[in-house]
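Input: a single structure, listed below in structure tokens.
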Amino acid sequence: MSTAAEAGTWKLGDMEVNRIGYGAMRLTGNGMMGNSDNAPIDRDVAVGLLHKAFEQGVNHVDTAAFYFSPLRSANELINRALSSWSGDVVVVTKVGPGRHPSGEWLDTIRPDELRGQVEENLRQLGRDCLDVVNLRAGGPRTASIAEHFGALAELREAGLVRHLGLSAVLPEHVTEAQKIAPVVCVQNSYGLDWRRADESGLVDLCREQGIAFVPFFAVSGLRREAAAGQEHDARVHSVARAHNATPAQVRLAWTLHRGPHVLAIPGTTNPAHLAENIAAGSLRLTEEELVLLGKPDEGTVRDSAPDAR
Ligand SMILES: NC(=O)c1ccc[n+]([C@@H]2O[C@H](COP(=O)([O-])OP(=O)(O)OC[C@H]3O[C@@H](n4cnc5c(N)ncnc54)[C@H](OP(=O)(O)O)[C@@H]3O)[C@@H](O)[C@H]2O)c1
């Protein structure tokens, strides 16, 4: 059986994690996107899936208090799973413009409101100190994150948070934050079809500064929050065939090949996909395949133009 350690490890501050992790957003179903008709995932099934991930070496889980649907919260499910698990698992959560309890997405948050979000995560996860908290900026149009990141740095000093990270940022935000407190990870949308973090130099900047770069939507690509759907990229199919692998594995492996500092947090509620995603860590792409995947593919279906998260 493949384990999450096969792609190697990376240190988030003083905490070592395997490079293949797990993103918990999908655990709450489409209700997270405001569709309250969606049947909630069974709690025991969700806990079982998380335990399967831990058994296969996943020790890095991404979450947020705003990953909730009418009857489920990702944090609650992670808390339950960890209460019956003895191994070390690093839980990375995020704060910033999130969601009202009604489910409505909010555009902004004041720096002084971040403490409440951190405390909400502490309560839901059953912790006295959060492993890593990412500040989710309002996107690249956010001019400065200094006040918000400064507020989180104070909470770190106060012992509520061990390490800090960033999400949905540009390189200049990383530089600005690093002057305030160490940044251990940066989480942006990134993958074969969406490489703004390459164009901006963000992936390279993170490597130079020893910061983990943690892409989201690496499997779902331009479909973003929607279900991943069928693979339309001929290049991905051809590389997958050569390795007897699946398109999702090729997409994940491609991101991991961007550098040892790149971590994966694929989200799934399907145990077979979970095993497949973990096994993607042992997929080694050749130089020729990386060149092929690096070329724009005119046959690729572009579903939508995502924002610049
Ligand atoms: N910082 C931020 O602002 C932000 C934003 C979005 C997400 N995130 C985090 O990033 C994580 C990853 O993003 P994501 O979950 O949206 O997208 P993703 O991991 O790129 O893709 C998930 C989608 O792909 C499917 N999938 C997963 N593995 C598959 C496989 N092996 N074969 C076929 N389909 C597969 C899943 O469906 P199945 O359930 O059917 O497998 C789901 O529809 C999230 O869970 C969340 O923790 C962060």
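Filter segment 155-167 down to residues that are in a helix (DSSP H, G or I) and of a type outside the set (Asp, Glu) and give me whichever is most open to solvent (accessible area, probe 1.4 Å).
The qualifying residue most open to solvent (accessible area, probe 1.4 Å) is Arg156.
Restricted to segment 201-225, and to residues that are in contact (Cβ under 8 Å) with a residue 60 or more places away in the chain and at negative phi, which residue is most open to solvent (accessible area, probe 1.4 Å)?
Looking at residues that are in contact (Cβ under 8 Å) with a residue 60 or more places away in the chain and at negative phi, I get Arg223.
Out of Arg99, Arg80, which single residue is away from the ligand (no atom under 16 Å from the Cβ) and crowded, with 16+ Cβ neighbours inside 10 Å?
Answer to the check: Arg80.
Which residue is farthest from the chain's Cα centre (by Cα), if the candidates are limited to segment 253-266 and must be within 11 Å of the ligand (Cβ to nearest atom) and among the β-branched types (Val, Ile, Thr)?
Per the stated criteria, the residue is Thr255.
Kindly evaluate Gly29 against the criterion of being out of contact with any helix residue (DSSP H, G or I) (no Cβ under 6 Å at 6 or more places or on another chain), within 30 Å of Leu256 (Cα to Cα), within 14 Å of the ligand (Cβ to nearest atom) and modelled with pLDDT of 95 or more.
no
Can you tell me which residues in segment 141-154 are touching a helix residue (DSSP H, G or I) at 6+ places or on another chain (Cβ under 8 Å) and either open to solvent by 10 Å² or more (accessible area, probe 1.4 Å) or part of a strand (DSSP E or B) (or both)?
Thr142, Ser144, Ala146, Glu147, His148, Gly150, Ala151
State yes or no: is Arg196 at pLDDT below 95, near the ligand (Cβ under 8 Å from one of its atoms) and not small (Gly, Ala, Ser)?
no
If you go through segment 63-77, how many residues are within 18 Å of Tyr22 (Cα to Cα) and open to solvent by less than 40 Å² (accessible area, probe 1.4 Å)?
Going through segment 63-77 one residue at a time, the tally reaches 10.
Looking at segment 66-77 only, could you name the residues that are within 13 Å of the ligand (Cβ to nearest atom) and either of a type in the set (Lys, Arg) or touching a Gly at 6+ places or on another chain (Cβ under 7 Å) (or both)?
Selection gives Phe66 alone.
When Gly13 is evaluated against the numbered criteria (1) open to solvent by less than 40 Å² (accessible area, probe 1.4 Å); (2) out of contact with any strand residue (DSSP E or B) (no Cβ under 9 Å at 6 or more places or on another chain), which criterion, by number, is the only one it fails?
With respect to (1) open to solvent by less than 40 Å² (accessible area, probe 1.4 Å); (2) out of contact with any strand residue (DSSP E or B) (no Cβ under 9 Å at 6 or more places or on another chain), Gly13 is out only on (2).
Val90: within 16 Å of the ligand (Cβ to nearest atom), under 11 Å from Ala64 (Cα atoms) and modelled with pLDDT of 95 or more, yes or no?
no
Hey, among the residues in segment 175-191 that are within 15 Å of Gly150 (Cβ to Cβ) and among the β-branched types (Val, Ile, Thr), which one's nearest to the ligand (Cβ to nearest atom)?
Within segment 175-191, the match that is nearest to the ligand (Cβ to nearest atom) is Val183.
Among Arg241, Arg251, Arg258, which is out of contact with any Lys or Arg (no Cβ under 8 Å at 6 or more places or on another chain) and assigned to a loop (DSSP other than H, G, I, E, B)?
Criteria check complete, one pass: Arg258.
Name the pairs whose Cβ atoms lie under 7 Å apart, with the first residue in segment 74-85 and of a type in the set (S, T, N, Q), the second open to solvent by less than 40 Å² (accessible area, probe 1.4 Å), and 6 or more positions between them or separate chains?
Asn75/Thr63; Asn75/Ala65; Asn75/Asn121; Asn75/Leu125; Asn79/Leu125
Can you name the residue in segment 267-293 that is hydroxyl-bearing (Ser, Thr, Tyr) and surrounded by fewer than 18 Cβ atoms within 10 Å (Cβ to Cβ) and, of all such residues, is nearest to the ligand (Cβ to nearest atom)?
Thr269
Take the residues of segment 86-98 that are free of Cβ contacts under 8 Å to residues at least 40 places away in the same chain and within 18 Å of the chain's Cα centre (by Cα): which is farthest from Ala5 (Cα to Cα)?
Gly98
The values are calculated or read from the model by the stated rules, or taken from the named source; none is laboratory data. Here the structure is a predicted model, which is why all the values come from computation and not from measurement. In this analysis, Cβ positions are derived from the backbone assuming ideal geometry, glycine residues included, and neighbour counts consider all displayed protein chains. What goes into the accessible areas is simple: the full protein's heavy atoms, side chains included, and nothing from ligands, DNA or RNA. Shrake-Rupley method; radii C 1.70, N 1.55, O 1.52, S 1.80 Å.
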